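Bear in mind these aren't lab numbers, they're just calculated from the coordinates by the rules spelled out. This is a predicted model, so every value here is computed, not measured. Cβ atoms come from the backbone with ideal geometry, glycine included; neighbour counts cover every protein chain shown.
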Amino acid sequence: MKAFTVKTSKIGATRYADIIKKARLIYHKIEKRTKRRPYIRSAYFKKEKIFFDYFWAHLNQKLPSDRRRRLRYFPCAVELIENSRFEPFTELNRFKKSERLHRFTGLTKDDELFYVQIKEDLKTKQKFLMSVFGGE
């Protein structure tokens, strides 16, 4: 599987308060583009919308240290979704057969591996950003 190399660097702060502030700034720029649900368009899925409905709720279920680790890759994840045309690893959700999970692989400027997981609802054909995490 090919990894897409992003040009943006991950968030360099170490304190959770600083990281969440920078990630929310990026998210609010995306949010301001529409009056309805925030989304970004994916190059791989032929410019279909990827919604953020589940991302923040899923992130808040994690421990604060894990949230900090995952949020550092948020700007890289947004760029990967918008620009990557590399085929992701795709599988049906084991727990819910009406969902498909797509896992994209990316590399930061500093050659750090990270993953972006997108959930696709097979009934409505909508896609949602679920998770971003490093490849440690």
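Each DSSP beta bridge with both residues in the chain is either parallel or antiparallel, and the antiparallel ones are about 85%. The H on the amide N of residue 5, modeled in the peptide plane, is under 5 Å from the matching H of 107, each at least 5 residues off or on a different chain. Taking amide hydrogens as placed 1.01 Å from N in the peptide plane, the amide H of residue 99 sits under 5 Å from those of 93, 122, each at least 5 positions away in sequence or on another chain.
Classified by the C-alpha gyration tensor, segment 12-82 has a prolate form. Its axis ratio a/c, with a ≥ b ≥ c, is 1.5 or above, and a/b is larger than b/c. A Cβ-based charge dipole, computed about the Cα centre of the chain with Lys and Arg at +1 and Asp and Glu at -1, lands at about 600 debye. Per-residue 3J(HN,Hα) values for segment 95-108, derived from phi via the Karplus relation 6.51 cos²θ - 1.76 cosθ + 1.60 with θ = phi - 60°, read 8, 9, 5, 8, 10, 10, 10, 10, 10, 8, 10, x, 10, 7 Hz in sequence order (x marks Gly and Pro). Mean sequence separation of contacting Cα pairs (under 8 Å, at least six apart), scaled by the length of the chain, corresponds to a relative contact order of 30 percent.
Extension gain for residue 121-residue 62 works out to 18.9 nm (0.36 nm per residue, less the C-alpha to C-alpha distance). Amide H contacts of residue 130 (H built 1.01 Å from N, in plane; Pro and chain starts excluded): 117, 118, 119 sit under 5 Å, all sequence-distant by 5 or more or on other chains.
The three principal axes of the Cα atoms in segment 4-134 give end-to-end lengths of 40, 32, 30 Å, sorted in falling order. Derived scalar couplings between HN and Hα for segment 66-71 equal 6, 4, 4, 5, 6, 5 Hz in order, rounded to whole Hz, by the Karplus curve 6.51 cos²θ - 1.76 cosθ + 1.60 (θ = phi - 60°), x for Gly and Pro.
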